[in-house]
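Note sheet for the following structure.
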Amino acid sequence: MDWLTAWKIPVGAYSKIVFDWMKTHLTVIFDAISYVLESLISGILWLLQAPPALLIIALFVALTWALQRNWKVCLGIALGWLFVINQGYWKETTESLTLIIASCAVCLGLGVPIGIAAAHRPRLYAAMSPILDLMQTLPTFVYLIPAIVFFGTGLVPGLIATVIFVLPAPIRLTHLGVASTPTALLEAATAFGATPRQRLWKVELPWAWPQIMAGLNQTIMLSLSMVVIASMVGAKGLGNPVMRALANVDAAKGFESGFVIVVVAIALDRMLRVTK
């Protein structure tokens, strides 16, 4: 097999050439993206940290009641967030929530329109599928390298890496929901004179709503799974105490911060679990 390895395809070298060219010629674009994302992150962080923690929890409970109409779920949500405060992780939690909310805004803002377009154009979705597979299967640590090169350290590269990893979920689920709209409904809408835009807003999106909400749920859960990895590039949040516990072999701190992450994940999942 020596003949097969005698000449190695220079994947790494070509990738470096591309990244160097992008860093040299696209600096203005990356600076603009960084400014927009930093502004988004700063705004969300201020909204979560400026008001009293109990007020934010009350708003979360109110949102849960509006979506679930179940007092037991609301009680569980309230107890979960109060547990976070009790453990002294509210500041870190708001920083992680900032990353999650920002990634949801970017992923849904991009993923839902792309999913709709892919549902209406099967060839487009067929061309996109390998790219979506690559985005989800490529080790997330690989995303951090170009993110650091183009955006430095902090929440912005963590957000970029999170978006790349999470974006396929809303695209696939939106595509699934829109593409599965019954033909009979579409034909009935057309027979009543509906335009393509009216069919989209009145028929396809309402039918796909459960899948779109499932995409939101997956976006939140996958974003939360990235908080520890994002902390490696300077992103603040719940990943930092986990990394400190790992560095110091501190089992107590590790379990404490780990349980907080689990509670936050469960609370967010229960808050936004909408099926209709």
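The values are calculated or read from the model by the stated rules, or taken from the named source; none is laboratory data. The model shown is predicted, which means the values in this text are computed figures rather than measured ones. Heads up, the Cβs are rebuilt from the backbone with ideal geometry, glycines too, and the neighbour counts pull from every protein chain shown. All accessible areas refer to the heavy atoms of the entire protein, side chains included, with ligands and DNA or RNA removed. Shrake-Rupley method; radii C 1.70, N 1.55, O 1.52, S 1.80 Å.
Side notes on the structure shown:
- Gaussian network model of the chain, Cα within-10 Å springs - most flexible of THR183, THR140, THR94: THR183
- Our coupling estimate for the range 64-77, obtained by passing each phi through the Karplus curve with A = 6.51, B = -1.76, C = 1.60 and θ = phi - 60°, is 4, 5, 5, 8, 9, 6, 9, 5, 5, 5, 4, 5, x, 4 Hz, Gly and Pro reported as x.
- Debye log10 I(q)/I(0) at q = 0.12, 0.13 Å⁻¹ for the range 1-61, Cα point scatterers: -0.61, -0.64
- Counting only protein heavy atoms and a 1.4 Å probe, the chain has 56 square angstrom of accessible area per residue.
- Cα gyration tensor, the chain - rounded (a/c under 1.5), prolate or oblate: oblate
- q = 0.12 Å⁻¹: log10 I(q)/I(0) that the Debye formula gives for the range 90-233, counting C-alpha atoms only: -0.54
- As a fraction of the 1.4 Å probe accessible area of the chain, surface on carbon and sulfur atoms comes out at 71 percent.
- Each peptide among 174-182, 190-198 gets the average number of other Cβ atoms lying within 10 Å of its residues, and from highest to lowest they stand as 174-182, 190-198.
- Those lysines that a straight Cα-Cα span of less than 20 Å connects to LYS253, excepting residues fewer than 8 apart in one chain: LYS91, LYS236
- Label-to-label distance for MET243 and THR195 is 5.1 nm, based on points extended 7 Å past Cα in the beta-carbon direction.
- Qualifying trypsin sites (Lys or Arg not before Pro) in the range 227-273, where qualification requires a DSSP coil assignment and no more than 15 other C-beta atoms within 10 Å, comprise ARG273.
- Within the shell of other residues whose beta carbon sits under 9 angstrom from the beta carbon of LEU186, the net charge comes to -1, with Lys and Arg scored +1 and Asp and Glu -1.
- Considering all different alpha carbon pairs of the range 72-119, the Kirkwood hydrodynamic radius works out to 12.9 Å.
- For the range 12-140, the equivalent ellipsoid built from the Cα gyration tensor has semi-axes of 37, 22, 14 Å, listed from largest to smallest.
- Rounded to the nearest 20 debye, dipole of the range 230-276 from Cβ charges on Lys, Arg, Asp, Glu: 220
- Simple spin-label estimate for SER225 and LYS91 gives 3.0 nm between the two label positions (7 Å along the Cα-to-Cβ direction from each Cα).
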